[in-house]
Each structure stands twice: as structure tokens, then as C-alpha cells.
Ligand SMILES: Cc1cc2nc3c(=O)[nH]c(=O)nc-3n(C[C@H](O)[C@H](O)[C@H](O)COP(=O)(O)OP(=O)(O)OC[C@H]3O[C@@H](n4cnc5c(N)ncnc54)[C@H](O)[C@@H]3O)c2cc1C
């Protein structure tokens, strides 16, 4: 609904990809959006970058954002979260399961739970959730490293 309204009222359908916005200047009549490639001029602007981008101040605003907005950006926390979709040769979980919960400490708490995806494509897929420091850790691992860690994790629960 919101997107439809924006599209109908304000948009000429233009999409610009692979351009990093570096500055938003809304001090004049027109809003200037400066990117790594060019500068766009517009009457209205909706900024939809993630909170983390605002916290890192990778976009400079002129004039600076109002102090209440800056206080909100500084105060609200942002965490790390990763989803892993893992396909197994066979379903080792009980038939009819929807979620597997793992209760452990340290490394044995890394993959908190596994959602069982419906087997519509003939695949046995679990979706694992990793958050916090563990998410920061595994994002730097190769697929092979993640696979080995996950197999170690699962073997400690299934053996
Ligand atoms: C691992 C994970 C799993 C999730 N799973 C689900 C799910 O199953 N269901 C669900 O409903 N939600 C899920 N979410 C949440 C969902 O992804 C977000 O709520 C949603 O993507 C937010 O959309 P958005 O458009 O606000 O931000 P984003 O999707 O983050 O889009 C913001 C865009 O801004 C771009 N950007 C940032 N800085 C700049 C810049 N300086 N210049 C230009 N572009 C910039 C980014 O590249 C990005 O493309 C998940 C989130 C994560 C992290």
C-alpha cells in the first residue's frame, strides 16, 4: 500500500543500482542525493537504509538530522543474525517435526534451533539461526568450515 502510493504519486520508475549514497543535502529547495557516481535532485525523499548504516554515519546529512532522531539512532541497538539453509541427504529428525531446539552452552549453543522446511522439492532442509558473536564469527567462515562446525554440533546432540 505504502509502496503503491509512493509509486503512483511520486515516482517515475527509475532504479539505480550499485551506487553508494554518501550525502543527502536537504538544505535547499531541492533535495540533493550524492552518490558514488552522481548527484540526484528530488522534491521528496524516503530514506530506507538500515539502522546500522545510520549508526556508522556513512551518509552525511546536511543539515544534520534533528537531535531526537540522532538520539534514537544512537540509542537503539542493532544485533547480528544469520540464517543457514542446510540440505541433508536424509531427514534425521522425527517425522512431523516443525522445529528442533538445542539447549547447550558455549559452542553447543551456537545453532539455537533448526526449522524444518516442508519437503516440497524433495529436499531435507533445516534452517538454523545464529546470532550475536557467533553470527560475527561464522560470517567469516567458508561453507566448508560452517559445515564441519555444524556437523560437530549436531553429532554432539545425536550421538
Ligand atoms: C539473516 C536475516 C534473516 C531475516 N529473515 C527474515 C524473514 O524470514 N522474514 C522477514 O519478514 N524478515 C526477515 N528479516 C528481516 C528483513 O530482512 C528486514 O526487516 C528487511 O530486509 C528490511 O528491509 P529494508 O528495506 O528496511 O532494509 P534492507 O533490506 O536492509 O535494505 C536496505 C538497503 O539499503 C542499502 N544501503 C545501505 N546503505 C546504503 C548507502 N549508503 N547507499 C546506498 N544503499 C545503501 C543496502 O545495501 C540495502 O540494500 C531477516 C533479516 C536478517 C538479517
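Of the helices (runs of 4 or more DSSP H) entirely within region 1-112, those holding at least 1 residues that are under 30 Å from residue 140 (Cβ atoms) and more than 16 Å from the ligand (Cβ to nearest atom) occupy 67-75.
What is the number of the single condition among (1) in the same structural domain as residue 128 (by TED's automatic domain parsing); (2) in contact with a helix residue (DSSP H, G or I) (Cβ under 8 Å, 6 or more places away or on another chain) that residue 85 does not meet? Among (1) in the same structural domain as residue 128 (by TED's automatic domain parsing); (2) in contact with a helix residue (DSSP H, G or I) (Cβ under 8 Å, 6 or more places away or on another chain), residue 85 violates only (2). Scanning region 59-73 for residues that are exposed (fewer than 10 other Cβ atoms within 10 Å of the Cβ) and in contact (Cβ under 8 Å) with a residue 12 or more places away in the chain yields one hit, 63. Scanning region 120-144 for residues that are part of a loop (DSSP other than H, G, I, E, B) and either closer than 23 Å to residue 77 by Cα or touching a strand residue (DSSP E or B) at 6+ places or on another chain (Cβ under 8 Å) (or both) turns up 123, 139, 140.
The values are calculated or read from the model by the stated rules, or taken from the named source; none is laboratory data. Keep in mind that what you see is a predicted model, and the values were worked out from it rather than measured. Heads up, the Cβs are rebuilt from the backbone with ideal geometry, glycines too, and the neighbour counts pull from every protein chain shown.
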